[in-house]
């Protein structure tokens, strides 16, 4: 049995090697199909991983609450235009919504920052003590503000990587330097660890943090003390988000004395919402390309069946001889099935190679992240094997049902 | 000598459209182990049909065919394949070697389906090739061999499985006189030296003359069954 299979495989390989051009053309459909599947899955998964990483960088368990739009005489301002959220809201939420681990607040404005003879326009954020914890933001040097600095509205700042690159010379240590924000001198006490792009595509590292109190009183100004640009809250796990969001809505509506028929004067957002949209788009594209690749695999399978039918006809006499010397039906079936599977497997392997290469090229040329998934490779491998089996069955069966006498006489 | 082949009232009837063709019409014949038989007959006489039935490639419509004491007429396709593999070696007019495949592998073919280890297959195939005088040509492909040499590979393939019967269908039909003499010499030798039963189907009387017994088939019946003069006195063998 083993000797039979081994010899049949050798024979199949020899026949393919003999008809290299024909075998190559036959395999083309499988090669393109498998290659496309591998590349598409690679690109799709890369995109999904990137989105996941972006969401994680924002914090998967973070809730952002933005003030609603103002309405002045029927003319609505943009979102966040109104000053409907306050520090008191944040503190009260922390007390009244048990699912929240912490709440924080911030307000921001784009301002000119000057250091030495360089300047940069970047968003300056006044942040509450808990903000960095909620956003899970680390430091590459220095450290967070102290409580005293927060309480006394000290002139201290934390800078993001992009700001560092634009204000400081390479190799220069920003921590301890004095920069000027709107002409007010600030001492840099830390540099933030890089976070990369947000799910929305903005550069999260282009940022400067100063204590909220300082921002409110000395830099950004305010219409009334305690008005914030956004509230932040975090839950223990992303699963708690929906319930926490509902609870927050109830608390804020009652605090803002909104009647049942009035719309919210705030907007609650979570990273899950943002991620879902992007993931949906990626999934649609991946599915579409997967469908195209499947059609290509199907066409490849038909190609294999076609060439095997030709091969059965060409080798009718050989089949007759094999039967005359004692080949049984299953011997003949196995011979052609092994040939079909060798074809489809070789095609599959070349396809895997091409798919992996295409993924790598996409990464290096277009800069898209790709992931070579071993599941996709294993799946493509098994799938091409199955195609060989499925499309080889008909020609193999046809060969095995030849009448040996007629096969021997076939011209 | 024991009876190897016993045919009792063999009939083979084909249907071609509405027409019934009686290819064999009640053939009775007994062949003993070790005989050298020639089956003579014109084309359409039914000799090919008889050969296919004797070779277990076809089954009779009616009648009994006992090979080595076993009733073959009722065997299924897989059993017939086993019988062909173990008891019968075929030699065809057009050699029927597998193209672009070495002489050794062609000779190996019956053992391939017997499930022997690769090493045994090769050793026995090489021995069979040596037996027909092709030692050293194991790795030649059919196109690199002359017609006579190709037929010798086919004989090696037939005898590699040590069958009871070598069944040769017009073995010299595609060969020149010189090669024909060689091939018939080998078949004669297999019969004489190894005691193998050889059946040659032919329409040429000088080929039939090698056999020790000639059966003539006409219109689906055996019309003559006669022993010939001692084949060793055949002029071709004396030269």
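Observations on the structure shown:
- The set of residues in the range A:228-256 that are at pLDDT 85 or above and assigned to a loop (DSSP other than H, G, I, E, B) comprises A:228, A:229, A:256.
- Meets criteria (surrounded by fewer than 19 Cβ atoms within 10 Å (Cβ to Cβ), in contact with a helix residue (DSSP H, G or I) (Cβ under 6 Å, 6 or more places away or on another chain) and in a helix (DSSP H, G or I)) for residue A:338: no
- With respect to (1) in a helix (DSSP H, G or I); (2) closer than 30 Å to residue A:281 by Cβ; (3) at pLDDT 85 or above, the lone exception for residue A:23 is condition (2).
- Among the candidates B:13, B:37, the residue that is away from every other protein chain (no Cβ under 14 Å) and over 23 Å from residue A:326 (Cβ atoms) is uniquely B:13.
- Filtering the range A:151-178 to residues that are surrounded by fewer than 19 Cβ atoms within 10 Å (Cβ to Cβ) and part of a helix (DSSP H, G or I) leaves A:151, A:162, A:165, A:166.
- Enumeration of residues in the range A:185-227 that are more than 21 Å from residue A:167 (Cα to Cα) and outside any loop (DSSP other than H, G, I, E, B): A:212, A:213, A:214, A:216, A:217, A:218, A:227
- Checking the range A:321-335 against the condition returns a match, with at least one residue being over 29 Å from residue A:31 (Cα atoms), within 13 Å of chain B (Cβ to nearest Cβ), in contact (Cβ under 8 Å) with a residue 40 or more places away in the chain and touching a strand residue (DSSP E or B) at 6+ places or on another chain (Cβ under 7 Å).
- Of all the residues in the range B:141-154, those that are part of a helix (DSSP H, G or I) and surrounded by fewer than 18 Cβ atoms within 10 Å (Cβ to Cβ) number 3.
- Among the residues of the range B:187-239, those identified as at pLDDT 90 or above and touching a helix residue (DSSP H, G or I) at 6+ places or on another chain (Cβ under 6 Å) are B:196, B:198, B:201, B:202, B:210, B:212, B:214, B:217.
- Test: residue in the range A:297-318 that is part of a helix (DSSP H, G or I), touching a strand residue (DSSP E or B) at 6+ places or on another chain (Cβ under 9 Å) and within 14 Å of chain B (Cβ to nearest Cβ): no
- Any chance residue A:15 is part of a helix (DSSP H, G or I), within 14 Å of chain B (Cβ to nearest Cβ) and under 24 Å from residue A:337 (Cβ atoms): yes
- The range B:108-121, residues that are within 20 Å of residue B:196 (Cβ to Cβ), assigned to a helix (DSSP H, G or I) and within 8 Å of another protein chain (Cβ to nearest Cβ): B:109, B:110
- Within the range B:50-79, if we keep just the residues that are facing chain A (nearest Cβ under 9 Å) and in a helix (DSSP H, G or I), the residue that is nearest to residue B:112 (Cα to Cα) turns out to be B:78.
- Residue in the range A:270-289 that is more than 14 Å from chain B (Cβ to nearest Cβ), over 28 Å from residue A:38 (Cβ atoms) and outside any helix (DSSP H, G or I) present: yes
Yes or no, residue by residue, for (1) under 24 Å from the mean Cα position of the chain (by Cα); (2) surrounded by fewer than 20 Cβ atoms within 10 Å (Cβ to Cβ); (3) in contact (Cβ under 8 Å) with a residue 24 or more places away in the chain:
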position: A:356; (1), (2), (3): yes, yes, yes
position: A:365; (1), (2), (3): yes, yes, no
position: A:373; (1), (2), (3): yes, yes, yes
position: A:377; (1), (2), (3): yes, no, yes
position: A:382; (1), (2), (3): no, yes, no
position: A:385; (1), (2), (3): no, yes, yes
position: A:391; (1), (2), (3): no, no, yes
position: A:397; (1), (2), (3): no, yes, yes
position: A:404; (1), (2), (3): no, no, yes
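- Residue in the range A:247-269 that is away from chain B (no Cβ under 14 Å), within 23 Å of the chain's Cα centre (by Cα) and at negative phi present: yes
For (1) under 30 Å from residue A:381 (Cβ atoms); (2) loosely packed, with under 14 Cβ neighbours inside 10 Å, each residue gets a yes or a no:
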site	(1), (2)
A:238	no, no
A:245	no, no
A:250	no, yes
A:270	no, no
A:289	yes, no
A:299	yes, no
A:306	yes, yes
A:325	no, no
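- Which numbered condition residue B:5 misses (of (1) under 22 Å from residue B:82 (Cα atoms); (2) part of a strand (DSSP E or B); (3) out of contact with any helix residue (DSSP H, G or I) (no Cβ under 7 Å at 6 or more places or on another chain)): (3)
- If the condition is being in a helix (DSSP H, G or I), surrounded by 20 or more Cβ atoms within 10 Å (Cβ to Cβ) and at the interface with another protein chain (Cβ under 8 Å from one of its Cβ atoms), then the range B:80-98 contributes B:81, B:84, B:85.
- Counted residues, the range A:98-118 - those being surrounded by 14 or more Cβ atoms within 10 Å (Cβ to Cβ) and under 16 Å from residue A:160 (Cβ atoms): 6
To keep it simple, each residue is scored yes or no on (1) more than 11 Å from chain A (Cβ to nearest Cβ); (2) under 22 Å from residue A:317 (Cβ atoms); (3) without any contact (Cβ under 8 Å) to a residue 40 or more places away in the chain; (4) not in a helix (DSSP H, G or I).
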residue: B:100; (1), (2), (3), (4): no, yes, no, yes
residue: B:106; (1), (2), (3), (4): no, yes, no, no
residue: B:123; (1), (2), (3), (4): yes, no, yes, no
residue: B:130; (1), (2), (3), (4): yes, no, yes, no
residue: B:139; (1), (2), (3), (4): yes, no, yes, yes
residue: B:156; (1), (2), (3), (4): yes, yes, no, no
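The values are calculated or read from the model by the stated rules, or taken from the named source; none is laboratory data. None of the values given here were measured: they were computed from a predicted structure. All Cβ positions, even for glycine, are placed from backbone atoms using ideal geometry, and neighbour counts span all protein chains on display.
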